[in-house]
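The values are calculated or read from the model by the stated rules, or taken from the named source; none is laboratory data. Computed from a prediction, not measured in an experiment: that's the story for all the values here. Every residue, glycine as well, gets a Cβ built from its backbone with ideal geometry; the counts of neighbours run over all protein chains shown. Side chains included, ligands, DNA and RNA excluded: accessible areas come from the protein's heavy atoms. Shrake-Rupley method; radii C 1.70, N 1.55, O 1.52, S 1.80 Å.
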Amino acid sequence: MLNEGRVNKIVAVALFVLLIAVYLSTVAPTLSFWDCGEFISCAYIMGIPHPPGSPLLSLIGRVMSLIPFPDYRGLGNEEIAYRINVLDAFLGALTAMLTYLIMVRLIRRFRPSTGSKLEAATVMFCSAVAALMVAFSDEFWNNAIETETY
């Protein structure tokens, strides 16, 4: 029988897998408008984008631009912009998973536990709904499928 901690980890990983699949199916295949092109080109040439500079994004984006992996949607694998946009899709799914884990911890901290399985399932369900609301909100989704620093 699964204990509560193991089920919590399974739900967190399931949220991550679901969201990475959704984000990868909608990730921008090339450059988008505004700062995305600047961030991608600076990551590719190891340049410095406009202030505050985003050095971590440039460094990790450069590593992503060197890793050859295909676009499973059939759009080719030569797009440097796609490779760097995948980084943001991964980080967006990771952020939503961490939102779930933080919500579980916050609810458990501020609400006294009775130890029932229904209560544990309710906490996990409510936290999962909160994480999915964050993940599928318009602004978050738009920033998760293109290279941005928000």
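Among residues of the range 34-53 that are surrounded by fewer than 15 Cβ atoms within 10 Å (Cβ to Cβ), those with a Cβ under 7 angstrom from a residue that is hydrophobic (A, V, I, L, M, F, W, C) and in a helix (DSSP H, G or I), sequence gap 6+ or separate chain, pair up as I48/C42. Can you say whether F125 is open to solvent by 70 Å² or more (accessible area, probe 1.4 Å), modelled with pLDDT of 90 or more, under 27 Å from P51 (Cβ atoms) and in a helix (DSSP H, G or I), as far as the supplied structure shows? Answer is no for this residue.
Considered as a group, the residues in the range 132-150 that are in a loop (DSSP other than H, G, I, E, B) and of a type in the set (F, W, Y) include one that is surrounded by the most Cβ atoms within 10 Å (Cβ to Cβ), and that residue is F136.
Yes/no per residue for (1) among the β-branched types (V, I, T); (2) assigned to a helix (DSSP H, G or I); (3) under 23 Å from M133 (Cα atoms):
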position: V11; (1), (2), (3): yes, yes, yes
position: I20; (1), (2), (3): yes, yes, yes
position: L24; (1), (2), (3): no, yes, yes
position: S58; (1), (2), (3): no, yes, no
position: G61; (1), (2), (3): no, yes, no
position: I84; (1), (2), (3): yes, yes, no
position: L94; (1), (2), (3): no, yes, yes
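Filtering A89, A28, A96, A12 for residues that are in contact with an Asp or Glu (Cβ under 6 Å, 6 or more places away or on another chain) and not β-branched (V, I, T) leaves a single hit, A28. Among the residues of the range 55-91, those that are modelled with pLDDT under 80 and open to solvent by less than 50 Å² (accessible area, probe 1.4 Å) comprise F69, D71, G76.
Rundown of residues vs (1) among the aliphatic types (A, V, I, L, M); (2) within 16 Å of G92 (Cβ to Cβ), yes/no style:
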residue	(1), (2)
E4	no, no
A21	yes, yes
S25	no, yes
D35	no, no
C42	no, no
H50	no, no
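Please count how many residues of the range 92-114 are open to solvent by 80 Å² or more (accessible area, probe 1.4 Å) and aromatic (F, W, Y). Of the residues in that region, 1 qualify. Can Y100 be described as in a helix (DSSP H, G or I), closer than 28 Å to A131 by Cα and in contact with a strand residue (DSSP E or B) (Cβ under 7 Å, 6 or more places away or on another chain)? Answer is no for this residue.
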